[in-house]
Amino acid sequence: MQFKTELTKSIFNSKYLLEGETNPNQAVERVVSVVQDYYPEYAETIKQYINKRWLLPGGSIWRAARNPDQNVSVVNCTTLPQPDDNLESIFDSYYWWAKYAAFGQGEGVDISLLRPRGAKVHNSSKRSTGAISFTHIYDAVLSTIAQKGRRGASLISIHITHPDVPEFIYVKEEEGILENSNISIQVTDKFMESVLADEEWAFTFTNKYETIEKTVSAKELFGEICAHACKMGDPGLQFIDTAKRFSNSDYLGMPIISTNACLSGKEMLLTEEGYFTFKELENKEVTIKTPSGYNRAKIWSNGYKNVVRIMKKGNHNNITCTPDHKFLTIDDKIVEAQYLNGQRLKYWGKENSLFDSVWVQLGFIQGDSCLSVYNTHRRKQYELYFN
């Protein structure tokens, strides 16, 4: 496996070589040996692609493959389910937070279901210390459970309608608070529209005991968020409605509730020159790997459009495209996507090639973008959209 600089090679060696390994080629052999166990017909090809840097496994795969310590995760990051507003659920969340940290994962959690400061509780306290008070234990877990000499990373989020948002903005102002955690506020389209219109914004929380409501200026609240982010680097913003529009997670029964600290603009695309992020390739023409070889493509941000999903029967493979997008059917007819129900499409890869579900599993197609293919006798055009 070749590196462009000694610095990148040094970083790779320090992060991903296991005890007893002395060079990256040993790590490559280790990863490929796992592919050999499950897909032996692809092992040699995968090895070639890694050595050419056409395929770059995730960091956790490098650390976990054939690692004698079985408690190392092959998953880089995990977002936990939202804890419900009771101690049993909160401390169950802490348990899984600790377990995933011990396995070496980065983590995310959203605390929007927890009651705000001052809300009624039916124990000796009478009033809640608020959702934010529970974030300190998440952070303490990561301080306690080290990951190969480093502490875990996390992202804690809260919804823009939660009454504790004003407190959340400033929670990291004191030194030593949430040192292992990024924090973000989940911002909706409705909130941004209220900012533009200079309207009032309502914080609200309802449970079986009470409803808590208060209003502030949306523009002033947004100004506070921006000013503190500029000053301290936190809080970040999660444009949660945008994330839902551009993800198929809800369709697969795994609705987006928060994120870890990854950004879709940093996801990577395989080109003739190797992997590059979509952000690096925006508004550029590049040569990308396709089932028929290499083809020229241009990558650009395409805004918001209504879309339809073309799904392969029997599994989750799909293409998301505009309704008037044209496809070639099995009987060589060109049909718009909106009229494809019940039609059979020509398969755009070779049978039993790497460009099937295995291709996707092994990481050749990755990221939060969607790929639509305009495929006829005359030309093939690729459009790559990213958020």
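The values are calculated or read from the model by the stated rules, or taken from the named source; none is laboratory data. Nothing here was measured: the structure is a model prediction, and the numbers come from that model. So basically every Cβ, Gly included, is an ideal-geometry build from the backbone, and we count neighbours across all protein chains shown.
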For Trp97, which of the numbered conditions (1) surrounded by fewer than 18 Cβ atoms within 10 Å (Cβ to Cβ); (2) touching a residue at least 12 places away in the same chain (Cβ under 8 Å); (3) under 23 Å from Ile185 (Cα atoms); (4) not β-branched (Val, Ile, Thr) fails to hold? (1)
Residues of segment 213-257 being under 17 Å from Lys172 (Cα atoms) and either under 16 Å from the mean Cα position of the chain (by Cα) or part of a loop (DSSP other than H, G, I, E, B) (or both), which ones? Gly233, Asp234, Pro235, Gly236, Leu237
Being more than 24 Å from the chain's Cα centre (by Cα) and closer than 27 Å to Ala140 by Cα narrows it down to one of Asp85, Asp110, so name that one. Asp85
Cβ contacts < 7 Å: first residue within 18 Å of Cys226 (Cα to Cα) and touching a residue at least 12 places away in the same chain (Cβ under 8 Å), restricted to segment 189-209; second residue of a type in the set (A, V, I, L, M) and assigned to a helix (DSSP H, G or I), any location; separation 6+ or different chain. Result? Phe191/Ala218; Ser194/Ala218; Val195/Ala218; Glu199/Ala218; Glu200/Ala218; Trp201/Ala218; Trp201/Leu221
Given the conditions (1) outside the structural domain of Ile240 (by TED's automatic domain parsing); (2) part of a loop (DSSP other than H, G, I, E, B), every one holds for Ile50 apart from (2)
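Considering segment 250-265 alone, what residues qualify as being surrounded by 12 or more Cβ atoms within 10 Å (Cβ to Cβ) and either modelled with pLDDT under 65 or over 26 Å from Asn180 (Cβ atoms) (or both)?
Of the residues in segment 250-265, the ones surrounded by 12 or more Cβ atoms within 10 Å (Cβ to Cβ) are 251, 256-265.
Result: Tyr251, Thr259, Asn260, Ala261, Cys262, Leu263, Ser264, Gly265.
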Could you give me the residue pairs with C-beta distances under 8 Å whose first residue belongs to segment 1-17 and is more than 22 Å from Asn76 (Cβ to Cβ), whose second residue is of a type in the set (D, E, K, R) wherever it lies, and which are 6+ apart or on separate chains? Gln2/Arg53
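Any idea how many residues of segment 203-212 are over 29 Å from the mean Cα position of the chain (by Cα) and surrounded by 12 or more Cβ atoms within 10 Å (Cβ to Cβ)?
So the first thing to find is which residues in segment 203-212 are over 29 Å from the mean Cα position of the chain (by Cα), and the list is 206-212.
Subset that is surrounded by 12 or more Cβ atoms within 10 Å (Cβ to Cβ): 207, 212.
The number of residues fulfilling the criteria is 2.
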Scanning segment 185-216 residue by residue, the ones that are in contact with a strand residue (DSSP E or B) (Cβ under 9 Å, 6 or more places away or on another chain) and closer than 26 Å to Ser128 by Cβ total 21
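Would you check if Gly104 is under 25 Å from Ser249 (Cβ atoms), crowded, with 18+ Cβ neighbours inside 10 Å and either at pLDDT below 85 or in contact with a Pro (Cβ under 8 Å, 6 or more places away or on another chain) (or both)?
Against the criterion (under 25 Å from Ser249 (Cβ atoms), crowded, with 18+ Cβ neighbours inside 10 Å and either at pLDDT below 85 or in contact with a Pro (Cβ under 8 Å, 6 or more places away or on another chain) (or both)), Gly104 qualifies.
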Go through the residues of segment 242-249 one by one and say whether even a single one is modelled with pLDDT of 75 or more and of a type in the set (A, V, I, L, M, F, W, C). yes
As an exercise: evaluate Tyr39 against (1) over 26 Å from the mean Cα position of the chain (by Cα); (2) of a type outside the set (A, V, I, L, M, F, W, C); (3) surrounded by 17 or more Cβ atoms within 10 Å (Cβ to Cβ) and give the number of the one condition it does not meet. (3)
Filtered residue count, segment 50-89, keeping only those that are in contact with a Lys or Arg (Cβ under 9 Å, 6 or more places away or on another chain) and within 14 Å of Arg30 (Cα to Cα): 7
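Conditions (1) of a type in the set (D, E, K, R); (2) within 30 Å of Arg127 (Cα to Cα); (3) in contact with a strand residue (DSSP E or B) (Cβ under 7 Å, 6 or more places away or on another chain); (4) not in a helix (DSSP H, G or I), marked per residue:
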{"residue": "Phe12", "(1), (2), (3), (4)": "no, no, no, no"}
{"residue": "Glu19", "(1), (2), (3), (4)": "yes, no, no, yes"}
{"residue": "Asn25", "(1), (2), (3), (4)": "no, no, no, no"}
{"residue": "Val34", "(1), (2), (3), (4)": "no, no, no, no"}
{"residue": "Ala43", "(1), (2), (3), (4)": "no, no, no, no"}
{"residue": "Pro57", "(1), (2), (3), (4)": "no, no, no, yes"}
{"residue": "Gln82", "(1), (2), (3), (4)": "no, yes, yes, yes"}
{"residue": "Glu88", "(1), (2), (3), (4)": "yes, yes, no, no"}
